[in-house]
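The values are calculated or read from the model by the stated rules, or taken from the named source; none is laboratory data. Keep in mind that what you see is a predicted model, and the values were worked out from it rather than measured. Positions of Cβ are generated from backbone atoms using ideal geometry, with glycine treated the same way; all protein chains shown enter the neighbour counts. Side chains are part of the model used for accessible areas, which takes the heavy atoms of the whole protein and leaves out ligands, DNA and RNA. Shrake-Rupley method; radii C 1.70, N 1.55, O 1.52, S 1.80 Å.
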Amino acid sequence: MTRGAWACLILVVPALSAQEKKSVKTGVYTAAQADRGQTLFRSKCASCHAPNRFTDDLFYSSFAGKPLWEMFDVISDSMPEDNPGSLKKEEYADVIAYLLKLNNFPTGETDLPIDKDALSAILMEKP
């Protein structure tokens, strides 16, 4: 293999690994992020939504097996109901981290990301 071919291979391999699918079961948020999300949920969401609404079969049938981006997209486009899209992207991610905590998914070393590609690589599953 030529030197140029090796260079191309080296550049392609990290790009492929960046697209690897992960599961919410692998620790995709931090405990601190979930705590921030809980505070936001109480102040922005709890007047309309009970936390247990996000641990039932309707919640799972809506998002199980789908990229976490879909949940992020739905929530950030439609919530809070009185001012959709008014939170920062990081705040929507914090709320989703709290929802993952409610469902007993494990924490990890890094905050849940906010960009579409990274969230698209994380699959929502049933606990």
Report task. Calculate the dipole size of the chain relative to its Cα centre from +1 charges on Lys and Arg beta carbons and -1 charges on Asp and Glu beta carbons; express the result in debye to the nearest 20. Result -> 300 debye
Query raised in the report: Residue by residue, what Karplus-based ³J(HN,Hα) values in Hz, rounded to whole numbers, does segment 49-63 have, using 6.51, -1.76 and 1.60 with θ = phi - 60° and x for Gly and Pro?
Result: 10, 7, x, 5, 5, 9, 10, 9, 5, 4, 4, 5, 5, 6, 10
Report summary line: Highest GNM mean-square fluctuation among 100, 58, 112, for the chain with Cα springs under 10 Å, belongs to 58
**Report entry** Surface share of carbon and sulfur [accessible, 1.4 angstrom probe, percent] for the chain
**Finding:** 56 percent
Query raised in the report: GNM on the chain, C-alpha springs below 10 Å: top fluctuator among 74, 95, 24?
Result: 74
Query raised in the report: Given 44/66; 22/101; 22/126; 25/116; 21/44, which pairs have Cα atoms separated by over 23 Å?
Result: 44/66; 21/44
Query raised in the report: When ligands, DNA and RNA are left out and all protein chains stay put, how many square angstrom of accessible area per residue does the chain have with a 1.4 Å probe?
Result: 60 Å²
Report task. Mind telling me which of 50, 32, 64 comes out most flexible in a GNM of the chain, alpha-carbon contacts under 10 Å? Result -> 50
Query raised in the report: So what is the 222 nm mean residue ellipticity for the chain from helices alone, if each DSSP H run of at least 4 adds -39500 (n - 2.57) and you divide by all residues, rounding to the nearest 500 deg cm²/dmol?
Result: -15000 deg cm²/dmol
Query raised in the report: Once phi is turned into ³J(HN,Hα) by the Karplus curve 6.51 cos²θ - 1.76 cosθ + 1.60 with θ = phi - 60°, what whole-Hz value does each residue of segment 80-96 show in order, with x for glycine and proline?
Result: x, 4, 7, 7, x, x, 7, 8, 6, 4, 4, 5, 5, 5, 4, 5, 5
Report summary line: Dimensionless Rg/Rh of the chain, both radii on Cα and Rh by Kirkwood, sits at 1.09
**Report entry** For segment 102-119, 3J(HN,Hα) per residue [Karplus equation, 6.51 cos²θ - 1.76 cosθ + 1.60, θ = phi - 60°, Hz, x = Gly/Pro]
**Finding:** 4, 9, 6, 6, x, 7, x, 8, 10, 5, 4, x, 10, 8, 4, 4, 5, 5
Query raised in the report: Amide H neighbours of residue 23 under 5 Å, counting only residues 5+ apart in sequence or on other chains, H built in-plane at 1.01 Å?
Result: 123
